[in-house]
Amino acid sequence: MATTASSTTKVTLPSDLEIQVTREFDAPRDVVYKAMTDRNLIPRWWGPRRMTTIVDKMDVRPGGSWRFIAREADGKESGFRGQYREIVPGEKIVQTFEWEPMAGHISTETATFTDLPDGRTLLTTRSVFSSKEDRDGMVQSGMETGLRETYDRFDELLASLNR
């Protein structure tokens, strides 16, 4: 049951508790992985363009935690946080995700990186929620618009790193 698809990003709902996102990137798997795990690169692509992302914490190891702050032009801030559960460098990241204004609604995200021909990478992210209501709340939050813009920014960053 697909919600939407474009030529680059596909969002599906595999079950009542899941959102799956796939996107192909024109960069090798190791470059895509590095851009997702380098605290100095995160502010260059994470979140919508209208916001500034601050990496408050990012300890990429099993048991390590992360926290990003999204700051709007008017100074309003919103925090996102989680813990890393599994790290397989270049292949997989399993982490929790929580938006601080909705504390307690925690999903588990598994990102997998797959080699494609011509040095491209398929990124697949599966988010599992504790309830259908939490999953539906995420879908209805406008996450897809923010996700597409974030992935467009990620594409731009990868192009600059892959020269």
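Here are the numbers:
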| quantity | calculated |
| --- | --- |
| Which listed residue, of R126, R120, is in contact (Cβ under 8 Å) with a residue 24 or more places away in the chain and surrounded by 17 or more Cβ atoms within 10 Å (Cβ to Cβ) | R126 |
| Residue ID - nearest to D136 (Cα to Cα), chosen from residues in the range 12-22 that are surrounded by fewer than 20 Cβ atoms within 10 Å (Cβ to Cβ) and under 14 Å from the mean Cα position of the chain (by Cα) | Q20 |
| Within the range 89-106, tally of residues that are outside any loop (DSSP other than H, G, I, E, B) and surrounded by fewer than 12 Cβ atoms within 10 Å (Cβ to Cβ) | 1 |
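Quick note: the coordinates plus some simple rules give every number you see, no bench work behind them. Bear in mind that the values here come from a model prediction, so they are computed numbers and not experimental data. Cβ: placed from backbone, ideal geometry, glycine included. Neighbour counts: every protein chain shown.
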